[in-house]
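Engineer: Here you go, one structure.
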Protein chains: 2
Amino acid sequence: MKAIFDPVQTQHDPQNFLVMGTKRSSPEQPERVTRLRAGAEAAGCTFEAPGDAGLGPIAAIHTPEYVAFLQTIHTRWQDLPGAAPEVIPNIHARARNDSYPTSPVGQAGYHQGDTACPIGAQTWSSAYASAQTAISGADAVADGARAVYSLSRPPGHHAYADMASGFCFLNNSAIAAERLRSKGLRPAILDVDVHHGNGTQDIFYARNDVLTVSIHADPTGFYPFFWGHASERGVGAGLGYNLNLALPMGSGDAAFLEALGAAQTRIADFGADVLVVALGLDAHESDPFKAMAVTADGFEQIGAALARPGLPVLFVQEGGYLSDDLGPNLTRVLGGYQGATSR
Amino acid sequence: MKAIFDPVQTQHDPQNFLVMGTKRSSPEQPERVTRLRAGAEAAGCTFEAPGDAGLGPIAAIHTPEYVAFLQTIHTRWQDLPGAAPEVIPNIHARARNDSYPTSPVGQAGYHQGDTACPIGAQTWSSAYASAQTAISGADAVADGARAVYSLSRPPGHHAYADMASGFCFLNNSAIAAERLRSKGLRPAILDVDVHHGNGTQDIFYARNDVLTVSIHADPTGFYPFFWGHASERGVGAGLGYNLNLALPMGSGDAAFLEALGAAQTRIADFGADVLVVALGLDAHESDPFKAMAVTADGFEQIGAALARPGLPVLFVQEGGYLSDDLGPNLTRVLGGYQGATSR
């Protein structure tokens with residue numbers, strides 16, 4: 001399987017963020033890339049560097065205000081007396097149409113939805129490269145590849161059109177889906193990260209040309225709290241084009257695979273001709289988030305199930321954090337997929 | 001002049017909050033009360049304790065979800081593993097109609113708009129007493145007092161119907177104005193705090209029965225960033241019933257008094273028969289926020305100007321932080337007012 005990655009993606013190195021009133025170190029570390037790359041190679045992937053499709057495909061999803069913010073905020077923040085090394089917000093807009101602030105502090109609160117997306121000097125360049133990795137994967141699929149793995153990092157599915165959150169800055173899966181759509185395809189996004197894909201949901205919430213489905217831990221007591229409930233079904237033309245399958249905390253293989261079946265039925269009913277898998281690996285039982293208990297065997301079954309409808313698949317890496325199982329779990333997903341397609 | 005205060009208001013003792021990525025100590029310290037009380041007494045005020053009008057007048061402004069949050073969150077937060085002693089939010093809703101979270105972390109993000117309103121064990125009882133201090137002041141004015149000083153602390157003007165922010169939890173000035181309105185009066189709120197009265201503005205934004213006017217430092221580069229611009233004039237039935245008079249950073253007496261004249265013209269055109277002054281003292285040149293340069297003489301002139309229309313006035317304390325001038329500046333405002341009424 002073709003795989004795509006750019007070493008620039010490792011330069012972003014988030015340090016602290018505030019959780020429950022306490023500063024902690026970020027689990028979204030560059031080391032993740034080393035583990036994931038090894039896991040993909042163990043499944044037979046051959047990596048190549050992405051091309052540079054420019055800002056166009058990114059700006060097809062993200063607002064120009066937000067792109068300008070990501071490009072310039074770290075430098076402007078450093079000019080503030082007493083500012084910390086990383087940009088972390090401390091005051092937030094109530095509504096998106098509140099007056100748009102010009103100050104760095106105000107803009108941070110407008111464009112960063114939580115404290116888990118600190119912005120450092122290298123964040124923009126890594127996020128841009130991560131998005132290009134997804135775009136190149138989409139282009140390869142559009143050109144006929146049956147499956148591609150885009151090792152996008154930093155991840156993307158919590159990023160909104162105009163807002164970073166939860167370790168995410170540019171929504172790689174959404175950018176890839178829109179790239180596929182712009183080439184005449186009809187994409188569905190299936191998010192299997194343990195956290196709800198709230199940014200992706202929001203980006204396509206009023207649209208009926210990209211289906212969004214997310215399987216995740218019940219957000220009642222889990223990030224992102226405000227989004228991921230079954231009642232969130234889309235709005236306007238998009239009503240009925242978003243499906244949330246929230247599972248109880250601690251759910252294992254059986255519950256996950258049952259939800260996956262429901263997701264694939266919806267994707268078939270949408271008439272998708274290409275699938276973007278927002279591939280988080282943090283539903284695993286040993287992931288530091290400890291929200292679900294999917295096993296390594298479960299991941300292999302997920303991979304196999306994704307192959308069955310016969311759609312071309314673009315795997316875009318989302319979450320999954322440091323444990324000895326991170327790389328091997330990726331091997332199992334991709335191996336399960338390839339095993340099912342070769343049968 | 002009658003003055004009102006309850007010692008319970010000093011129990012709230014906020015510690016840290018996050019500013020520009022760094023934890024700092026809160027300037028909204030209980031010591032403020034000692035200075036303000038001395039300043040009011042030096043102007044001839046006699047303090048008495050507020051009555052207890054119950055939750056009704058508070059719930060006339062604040063949502064039941066929010067009241068329940070303030071009453072219970074500190075206890076529920078302490079049950080979270082690893083939670084800091086004070087409730088500080090780390091993830092925020094994008095819109096008020098996002099799914100309402102049940103988790104303490106999610107609710108903190110829904111009901112706390114920034115990191116400057118940490119909630120401790122005594123926050124609810126102090127905020128409740130602070131509101132009762134404002135309500136008793138309103139009742140005294142409704143009963144015929146020409147002027148009353150309510151030493152409300154914690155302050156209130158950054159508190160929304162459903163959200164704390166900027167050291168504020170219950171919007172004392174809004175609660176007092178609504179109390180006056182419920183007794184058949186037609187109140188205007190004039191906010192002279194150096195920060196825009198964003199909570200007060202929002203509470204009455206769609207209403208035409210309470211006029212809101214705020215004089216403050218230009219929010220382009222100053223808290224609360226998202227609100228306080230001249231273009232924010234109200235909405236629906238409230239269009240034209242909100243006036244923001246933003247002054248350049250560093251403005252002094254002349255600019256402030258000119259804005260005050262414009263504010264008073266608008267209040268007269270509204271036909272107000274009672275005035276609630278949201279009395280921040282942080283526009284002073286020695287205030288730690290250093291946003292404006294109003295002098296002690298300026299404060300005396302502000303007090304005198306407030307007396308001129310002959311309306312009954314309820315002064316509700318808002319901001320103003322620790323400096324040797326905090327108490328004396330209150331003396332000058334109240335003294336200026338009383339001097340003008342006795343002439």
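The values are calculated or read from the model by the stated rules, or taken from the named source; none is laboratory data. This is a predicted model, so every value here is computed, not measured. Cβ coordinates were reconstructed from backbone atoms using ideal geometry, including for glycine residues, and neighbour counts include every protein chain displayed. For accessibility, only protein heavy atoms count, side chains too; no ligands or nucleic acids. Shrake-Rupley method; radii C 1.70, N 1.55, O 1.52, S 1.80 Å.
Engineer: I need two numbers for segment A:136-281: Rg to one decimal and Dmax as a whole number, Cα atoms only, in Å.
Structural biologist: My reading of the Cα-based Rg and Dmax gives 14.1, 42 Å.
Engineer: Since chains A and B are linked by a rotation, which residue in A has the beta carbon closest to its axis, and how far is it in Å?
Structural biologist: A:H92, 2
Engineer: Alpha carbon centre of segment A:152-199 versus segment B:233-251: separation in Å?
Structural biologist: 39
Engineer: Turning to a different aspect of this structure: Which of the peptides B:90-99, B:215-224 is most tightly packed, and how do the rest follow, going by the mean number of other Cβ atoms within 10 Å of each residue?
Structural biologist: B:215-224, B:90-99
Engineer: Using a Gaussian network model of chain A with C-alpha springs under 10 Å, which one of A:F47, A:F226, A:F256 is most mobile by mean-square fluctuation?
Structural biologist: A:F226
Engineer: Here's another thing I want to ask about it. Pick out which of A:A140, A:A84, A:A293 has the largest mean-square fluctuation in a Gaussian network model of chain A, springs linking Cα atoms closer than 10 Å.
Structural biologist: Looking only at A:A140, A:A84, A:A293, the biggest GNM fluctuation is shown by A:A84.
Engineer: Which pairs break 25 Å Cα to Cα here: B:K23/B:K290; A:K2/A:K183; A:K23/A:K290; A:K2/A:K290?
Structural biologist: Check vs 25 Å cut-off fails for A:K2/A:K290.
Engineer: So, one more: How shielded is A:105-111 by partner chains, expressed as the average number of their Cβ atoms within 10 Å of its Cβ atoms?
Structural biologist: Going residue by residue through A:105-111 and averaging, the value is 4.
Engineer: Next question. Over segment B:177-237, what percent of the accessible surface lies on carbon and sulfur atoms, probe 1.4 Å?
Structural biologist: About 50 percent, which is the carbon plus sulfur part of the accessible surface.
Engineer: Another one. With the radius of gyration and the Kirkwood radius both derived from the Cα set of the protein assembly as shown, what is their ratio Rg to Rh?
Structural biologist: Here Rg/Rh amounts to 1.05.
Engineer: Provide the FRET efficiency to the nearest 0.05 for the B:A121-B:D324 pair, computing r from the beta carbons and using R0 = 25 Å.
Structural biologist: 0.20
Engineer: What percent do you get for the relative contact order of segment B:161-204 when only Cα pairs under 8 Å and 6+ apart count?
Structural biologist: Normalised by residue count, the contact order of segment B:161-204 is 42 percent.
Engineer: Please state the Cα pair-distance histogram of segment A:77-134 with 5 angstrom bins from zero: what percent is in each bin?
Structural biologist: 4, 18, 23, 22, 17, 13, 4, 0
Engineer: Full-extension gain between B:R308 and B:V33, please, as 0.36 nm times their residue separation minus the C-alpha to C-alpha distance.
Structural biologist: The span from B:R308 to B:V33 would gain 96.2 nm if fully extended.
Engineer: Next question, about the same structure. Could you work out the relative contact order of chain B, using alpha carbon pairs under 8 angstrom and six or more residues apart, expressed as a whole percent? Display every interim value, and only then the final one.
Structural biologist: On the way: 798 pairs, mean separation 61.6, N = 343.
18 percent.
Engineer: Still on this structure, I have one more. To one decimal place, what Kirkwood hydrodynamic radius in Å is obtained for segment A:1-159 from all pairs of distinct Cα atoms?
Structural biologist: Values: mean 1/r = 0.0589 Å⁻¹.
It works out to 17.0 Å.
Engineer: Moving to a separate point now. Over segment A:8-146, with the other protein chains present, what is the accessible area per residue in square angstrom, probe 1.4 angstrom?
Structural biologist: On a per-residue basis, segment A:8-146 sits at 36 Å².
Engineer: Quick check on segment B:155-228: what are the equivalent-ellipsoid semi-axes from the Cα gyration tensor, as sqrt(5λ), descending, whole Å?
Structural biologist: 21, 13, 10
Engineer: Do you know the relative contact order of segment A:58-122, to the nearest whole percent, from alpha carbon pairs under 8 angstrom that are 6+ apart?
Structural biologist: With pairs under 8 Å counted, the relative contact order is 36 percent.
Engineer: Once you average over the residues of A:19-27, how many Cβ atoms of partner chains fall within 10 Å of each Cβ?
Structural biologist: Average neighbour count from other chains, rounded to a whole number: 6.
Engineer: Translational diffusion coefficient, Stokes-Einstein: compute it for segment B:190-343 using the Kirkwood radius over C-alpha pairs as Rh, at 20 °C and 1.002 mPa s, and state it as an integer in µm² s⁻¹.
Structural biologist: 140
Engineer: Here's a follow-up. Using protein chains only and a probe of 1.4 angstrom, how many square angstrom of A:I267 are accessible, to the nearest 10?
Structural biologist: 10
Engineer: Going by a ≥ b ≥ c, the root eigenvalues of the Cα gyration tensor, does chain B fall in the rounded group (a/c under 1.5), the prolate group (a/b larger than b/c) or the oblate group?
Structural biologist: Taking the square roots of the gyration eigenvalues as a ≥ b ≥ c, chain B is rounded.
Engineer: Using a 10 angstrom cutoff on alpha carbons, build the Gaussian network for chain A and name the most mobile of A:L243, A:L80, A:L151.
Structural biologist: Answer for the Gaussian network model of chain A: A:L80.
Engineer: Report, in deg cm²/dmol and to the nearest 500, the calculated mean residue ellipticity at 222 nm for chain A, where each DSSP H run with n ≥ 4 adds -39500 (n - 2.57) and the sum is divided by the residue count.
Structural biologist: Estimated from H runs of four or more residues: -11000 deg cm²/dmol.
Engineer: Right, next: So how compact is segment A:256-343: Cα radius of gyration and Dmax in angstrom?
Structural biologist: Here Rg and the maximum Cα pair distance are 12.8, 38 Å.
Engineer: Still on this structure, I have one more. B:A83: net charge of surrounding residues, Cβ under 15 Å, Lys/Arg +1, Asp/Glu -1, itself excluded?
Structural biologist: Its environment carries a net charge of +1.
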